[in-house]
Amino acid sequence: MTDTPRTWTAEDYHRHLDDDVKAFIAKSDSFYPEDKSDVPIPERRDMYEALCAHFRPDDLPEIEIEDAVISDPRSDIPLRRYKPQGWHKAKAQILFFHGGGYVLGSLETHQDLCVQVADDTGMMLTAVDYALSPERPFPHDWQDAMAAFEHVAASSSLPIVTFGDSAGANLAAAVCHENRHHERAPTGQVLVYPGLGSDLTQGSFVEHADAPGLTTAGTTDYKLYRSGGEMWRLADPKASPLNATDFTALPPTIVFSGECDPLRDDGRLYCEKVNDSGGSARYVEEAGLIHGYLRARHAGGKAGRSFANICKALSELVF
């Protein structure tokens with residue numbers, strides 16, 4: 001039986017993390033009150049939008065951006081397409097889902113990331129503004145993700161690579177699971193610090209329960225919002241891909257997780273399940289990085305190097 005890991009303290013993180021990561025944490029924390037548990041969701045969203053805007057670089061590459069909408073009986077689903085120079089010569093396209101705990105985030109919060117990924121890979125990227133909780137809890141987000149996949153598959157003959165960060169990585173994985181036998185099944189997936197539904201009382205959820213960037217308690221709160229207060233709903237493999245019983249026929253998978261992230265082990269366990277089922281999955285654990293580190297990519301250092309490797313991974317999955 002595996003011993004329960006020791007929970008890291010604030011001093012542990014202070015000793016272990018690089019100065020640029022600590023500066024990123026301090027600046028990120030400044031956008032929120034010390035106790036944000038009682039802050040209404042609309043205000044939290046405004047804070048998150050402001051945080052993301054602060055870290056948005058001024059020197060983004062110029063690429064073509066166009067908005068579109070999927071008409072759906074439940075609710076229209078906004079999309080945003082990013083078309084870098086030469087995108088029509090690419091061998092695949094990217095379907096992207098943003099992070100934010102299924103509660104926060106929008107097309108705007110992740111626009112700079114989408115622009116840079118599209119420019120670096122040379123592929124068209126379609127970002128999805130899926131339903132957020134608590135107004136529209138699971139399965140609305142999952143249904144929007146499936147509708148977006150069907151739309152992209154029907155509107156272009158290019159192979160599809162799914163991509164997402166955090167909650168968005170969960171949806172990217174869910175799309176692959178649900179559509180692995182589809183005639184336009186995704187040809188690959190890149191998941192960045194994904195939350196995939198493992199046990200919140202084990203492993204990294206204990207070791208990094210009080211981590212900067214995201215805590216285990218914060219993870220629980222997001223799950224409560226997503227489930228509409230009925231956590232049993234998230235046992236569904238559509239909400240928690242790690243609960244699936246069949247991991248065969250999934251596309252090549254590359255997962256990036258931060259070492260100091262309560263979600264860390266989700267990515268590792270997922271890759272193990274894919275590989276044990278005869279698939280191909282590569283797990284990358286980024287030393288000294290926390291949840292949400294992609295926003296720190298412009299500071300260089302480990303976050304910047306990881307971002308470059310993520311773009312390389314997306315390109316590697318195009319055959």
Binning at 10 Å from 0, report for the range 6-105 what percent of all alpha-carbon pair distances ends up in each bin.
10, 27, 32, 21, 10, 0
In the range 272-312, if the dipole is taken from +1 on Lys/Arg beta carbons and -1 on Asp/Glu beta carbons about the Cα centre, which of VAL274, PHE307, LEU289 is farthest to the positive end?
PHE307
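Would you mind classifying the range 45-187 by shape? Square roots of the alpha carbon gyration tensor eigenvalues, ordered a ≥ b ≥ c; an a/c under 1.5 is rounded, otherwise it is prolate if a/b is larger than b/c and oblate if not.
On the way: a/c = 1.74, a/b = 1.01, b/c = 1.72.
It comes out oblate by the Cα gyration axes.
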Within the accessible area of the range 167-300 (1.4 Å probe), percent carbon and sulfur
49
Among PRO212, VAL69, PRO5 the positive-end extreme of the charge dipole of the chain (Cβ point charges):
VAL69
How many angstrom separate the Cα center of the range 246-319 from the Cα center of the range 147-182?
17
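Pairs to check: LYS36/LYS83; LYS238/LYS312; LYS89/LYS273. Give those whose C-alpha atoms are more than 30 Å from each other in this structure.
Where the Cα-Cα span goes over 30 Å, the pairs concerned are LYS36/LYS83; LYS89/LYS273.
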Only Lys, Arg, Asp and Glu count, each charged at its Cβ (+1, +1, -1, -1), so figure out the dipole size of the range 204-263 about its Cα centre, rounded to 20 debye.
260
Looking at the chain, send over the antiparallel percent of its DSSP beta bridges, to the nearest 5.
30
For a quick check: with amide H placed at 1.01 Å from N, whose amide H comes under 5 Å from GLY188's, ignoring anything fewer than 5 positions away on the same chain?
THR162
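Just how many % of Cα pairs in the chain lie over 27 Å apart, if you round to the nearest whole percent?
38
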Test item: Cα-centred dipole of the range 1-155, Lys/Arg +1 and Asp/Glu -1 on Cβ, debye:
480
Work out the length of the dipole vector of the chain about its Cα centre, built from +1 on the beta-carbon of each Lys and Arg and -1 on the beta-carbon of each Asp and Glu, and round it to the nearest 20 debye.
760
Karplus (6.51, -1.76, 1.60) ³J(HN,Hα), θ = phi - 60°, over the range 53-65, in Hz, Gly and Pro reported as x
5, 4, 8, 6, x, 8, 10, 5, x, 8, 9, 6, 10
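In terms of the Cα gyration tensor, with a ≥ b ≥ c the square roots of its eigenvalues, is the range 98-158 rounded because a/c is under 1.5, prolate because a/b exceeds b/c, or oblate?
Working: a/c = 3.66, a/b = 1.31, b/c = 2.79.
Cα axes put the range 98-158 in the oblate bin.
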Rolling a 1.4 Å sphere over the protein heavy atoms, what is the accessible area per residue of the chain, to the nearest Å²?
43
Could you tell me the extents of the range 206-319's C-alpha atoms along the three principal axes, largest first, rounded to whole Å?
40, 36, 22
For the range 84-96, in order, what is each residue's ³J(HN,Hα) by Karplus, 6.51 cos²θ - 1.76 cosθ + 1.60 with θ = phi - 60°, in whole Hz (x at glycine and Pro)?
x, 4, x, 4, 5, 9, 5, 8, 7, 10, 10, 10, 10
Could you work out the Rg to Rh ratio of the range 148-275, with Rh taken as the Kirkwood radius (inverse of the mean 1/r over all Cα pairs)?
0.98
Once phi is turned into θ = phi - 60°, what whole-Hz ³J(HN,Hα) does the Karplus curve with 6.51, -1.76 and 1.60 give for every residue of the range 223-236, x standing for Gly and Pro?
5, 4, 4, 5, 7, x, x, 10, 4, 4, 4, 7, 5, 4
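The values are calculated or read from the model by the stated rules, or taken from the named source; none is laboratory data. Since the structure is predicted, the reported quantities are computational estimates derived from the model, not experimental observations. Methodologically, a virtual Cβ is constructed for each residue, glycine included, from the backbone with ideal geometry; neighbour enumeration extends over all protein chains shown. Calculation scope for accessible area: heavy atoms of the full protein, side chains included, ligands and nucleic acids excluded. Shrake-Rupley method; radii C 1.70, N 1.55, O 1.52, S 1.80 Å.
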